[in-house]
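The values are calculated or read from the model by the stated rules, or taken from the named source; none is laboratory data. Here the structure is a predicted model, which is why all the values come from computation and not from measurement. All Cβ positions, even for glycine, are placed from backbone atoms using ideal geometry, and neighbour counts span all protein chains on display. To get the accessible areas, we keep the full protein, side chains included, count just its heavy atoms, and leave off ligands, DNA and RNA. Shrake-Rupley method; radii C 1.70, N 1.55, O 1.52, S 1.80 Å.
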Amino acid sequence: MRIRTERLALRPFAAGDVDALHALFVLPDVRRFLWDDVVVDRATVEGAVAASEALVAERGYGLCLAHASDDGALVGFCGLRDFADPRAGGAPRPELLYGLDPARWGRGYAFEAAVGVLGYAFDALGLDAVYAGTDPPNVRSRRVLDRLGFARFERIEVGGLPADYGAVDASAFARARAAAHLD
């Protein structure tokens, strides 16, 4: 699972990424929505990396580091993880998840990385749908999801907190990709 976009190279999380991910995950603007503003410890990040590695081995998808193609700098991460959907009795659903270094915000990297991951999900893996959620105040992330073709958003409770969850299927994503002139 290696994904290349115009400006990014994405590769699955690996054990050697824990320090870089921890540094990203504890940034205030990253942890605010990603970790519900909790400063996670290194062991939590190790667990997230191990879970992603297991998903790649089992399902062919996981979370990836995103590096800038031009200078190799860490931009953030993007990928899929399993989400225990409470609307489906806790059944696992592939969930799009991303986070960027705030110094890289506003440059289209989240959208670009997500396009690469969704293209992989639908074209290489043949998934029927991908799900995604945002905290209600995270309007920037919601705009990215809207541009990607996500729809059917509804408010659910995840871990005792409200979240807006939606889904995109291959045809809706293809329309969104065409509208963005990425085909």
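Given Cα pairs under 8 Å that are at least 6 residues apart, what percent is the relative contact order of the chain?
Values: 299 pairs, mean separation 30.3, N = 183.
17 percent.
Computed over Cα pairs, the Kirkwood radius of the range 41-174 leads via Stokes-Einstein (0.890 mPa s, 25 °C) to a diffusion coefficient of 159 µm² per second. For the chain, the solvent-accessible area with a 1.4 angstrom probe is 48 square angstrom per residue. When a 1.4 Å probe is rolled over the protein heavy atoms, the share of accessible surface on the chain that falls to carbon and sulfur comes to 51 percent. Backbone phi angles across the range 83-99, fed through the Karplus curve with coefficients 6.51, -1.76 and 1.60 (θ = phi - 60°), yield HN-Hα couplings of 10, 7, 6, x, 6, 10, x, x, 4, x, 10, x, 10, 6, 9, 8, x Hz in residue order; Gly and Pro are listed as x. For the range 132-147, putting each phi into the Karplus relation 6.51 cos²θ - 1.76 cosθ + 1.60 with θ = phi - 60° gives couplings of 7, x, 9, 5, x, x, 7, 5, 5, 5, 4, 4, 4, 4, 4, 5 Hz, in residue order, rounded to whole numbers and with x for Gly and Pro. Per-residue ellipticity at 222 nm computed for the chain from its helices equals -10500 deg cm²/dmol, with DSSP H segments shorter than 4 residues left out and the rest contributing -39,500 (n - 2.57). Based on Cα contacts under 8 Å between residues 6+ apart, the range 1-62 shows a relative contact order of 35 percent. Using only side-chain charges placed at the Cβ, +1 for Lys and Arg and -1 for Asp and Glu, the dipole size of the chain relative to its Cα centre rounds to 440 debye.
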